[in-house]
1. Per residue of the range 230-246, in order, report the coupling 6.51 cos²θ - 1.76 cosθ + 1.60 (Karplus, θ = phi - 60°) as ³J(HN,Hα) in whole Hz, putting x for Gly and Pro.
2. Taking the dipole about the Cα centre of the range 32-262, with the C-beta of Lys and Arg at +1 and of Asp and Glu at -1, give me whichever of Met73, Pro183, Ile244 is farthest to the positive side.
3. In the range 361-478, if every C-alpha pair distance is counted and binned at 10 Å from zero, what percent goes to each bin?
4. Amide H of Ala416 versus every other amide H placed in the peptide plane: which residues, excluding those fewer than 5 positions away on the same chain, fall under 5 Å?
5. Do the alpha carbons of any pairs in Lys398/Lys468; Lys59/Lys398; Lys398/Lys470; Lys398/Lys457 sit beyond 30 Å of each other, and which pairs?
6. Can you give the local net charge around Glu127? Use residues other than it whose beta-carbon is closer than 13 angstrom to its beta-carbon, Lys and Arg +1, Asp and Glu -1.
7. Between Thr110 and Thr225, what is the FRET efficiency for a Förster distance of 41 Å, r being their Cβ-Cβ separation, to the nearest 0.05?
8. Could you give the nm distance between label points at Trp136 and Ser452, where each point is 7 Å from its Cα heading toward the beta carbon?
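Nothing in this text is a laboratory measurement; each read-out follows from the coordinates by a stated rule. Model, not experiment: these values are computed from the prediction. Cβ coordinates were reconstructed from backbone atoms using ideal geometry, including for glycine residues, and neighbour counts include every protein chain displayed.
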Amino acid sequence: MEGVRPGGGPPAGGPSSGSGSGSSSFPSLFPPGLHGIYGECRRLYPDQPNPLQVTAILKYWLGGPDPLDYVSMYRNLGNPVLNVPEHWHYVSFGLSDLYGDNRVHEFTGTDGPSGFGFELTFRLKRETGESAPPTWPAELMQGLARYVFQSENTFCSGDHVSWHSPLDNSESRIQHMLLTEDPQMQPVQTPFGIVTFLQIVGVCTEELHAAQQWNGQGILELLRTVPVAGGPWLITDMRRGETIFEIDPHLQERVDKGIETDGSNLSGVSAKCAWDDLSRPPEDDEDSRSICIGTQPRRLSGKDTEQIRETLRRGLEINSKPVLPPINTQRQNGLNHDRAPSRKDSLESESSAAIIPHELIRTRQLESVHLKFNQESGALIPLCLRGRLLHGRHFTYKSITGDTAITFVSTGVEGAFATEEHPYAAHGPWLQILLTEEFVERMLEDLEDLNSPEEFKLPKEYSWPEKKLKVSILPDAVFDNPLH
């Protein structure tokens, strides 16, 4: 990709006259999906009909690597009254259906979402003397778009993205992202469906962890109250050197109270993890996570895969009592609205009223299990226990290296195949572990040093013999070896 002024492709600002689908010649010259987004951009920036634009040299639908056809870059003067500084405003084109001819997205009608239903935006503080917008945010947006296209997981307001690297490849502390509604851009109705605008907000590692332990919307609200950390329009300043908790130590108290009251809305993560069935006799060399029929190893069934996928897809939620996977969930303007709050969480989905195993895959009760996590995944166990299970919810680790999945459930979770009588149960490579509140409290005490993982050396092992449960925190290299 390269930053260019619009040339042979559709101009970023569209025609200077006309501001909607009523323009007579525009629809015949430019794709209607682009037209709808251009109209919203023209509404905000009538004096910038042709902003600088980063464009994919070889379009995705022609075999190129970049899903976004364009990223337009506008100069926003901010709002001095609201203490909003001048900044660059980036808008993507391509996550929604721009063309309506099935070249990228399947056309599903005008009433639902267009394509994935959203476009990304980003607001970057303008540095003194900066005459043109940096182009690195366009590549950042392409990276997020690639994830969406490859995984088919959509983003929602309040979601977080663990990036683990300065967003601009500098030495900045801004190394992760939260997503929220763009404060100025309104949802657009196009001939191919509705498009909403989700804004990327750069955050520090400590702020990401707070969002994981509590919820993304809560941290976004705190960021809005700190001008140098985002302010009301959540503008990212890559030169910010302090977290909101360093700027205002009292904000940590609000997070702690929120966790105690609401729990965590992070319901699952992709991770480096594995599990072993210690109930099998040592001489049994059959892999504990697969059963061989001929030469075909057992894999997750379609229904299991979809349930786990929904857990990871929903991620952070705006509701303090999310239900994963969704039951009677309605999506409006990119937000998820759950049923009335309930102490009982559920592992059931609309497509499967109960877990129906494949006829060749039976659910097995296990006597003893050994859980294995890398350091980053292990550091989330206290969050899983305190923020999820103590609030009657569940938490899933899905292996990034295979089909393995580990779901922790509380006694209040419906639809689980682990029970109080048989707390360890496996369905293919999917392990469920049911933990009582009393045992969770004890584990939290024993796992206290996981809150400061930098203070201990790997490998680290925890064991509860009477519960026949063992947890190991291992180096990453163990999981990179398929024979771990």
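1. Computed from phi, the couplings for the range 230-246 are x, x, x, 9, 6, 8, 7, 10, 5, 8, 5, x, 10, 7, 5, 7, 7 Hz.
2. It is Met73.
3. Each 10 Å bin holds this share of Cα pairs: 13, 47, 35, 5, 0.
4. Amide H neighbours of Ala416, under 5 Å, 5+ apart: Leu347.
5. Details: Lys398/Lys468 22 Å; Lys59/Lys398 33 Å; Lys398/Lys470 19 Å; Lys398/Lys457 24 Å.
Flagged as over cut-off: Lys59/Lys398.
6. Numbers: positive: Arg75, Lys125, Arg126, Arg239, Arg240; negative: Glu86, Glu130, Asp168, Asp237.
Here the charged neighbours net out to +1.
7. On the way: r = 39 Å, r/R0 = 0.95.
Efficiency, rounded to the nearest 0.05: 0.60.
8. Each label point lies 7 Å from its Cα, and together they span 3.3 nm.
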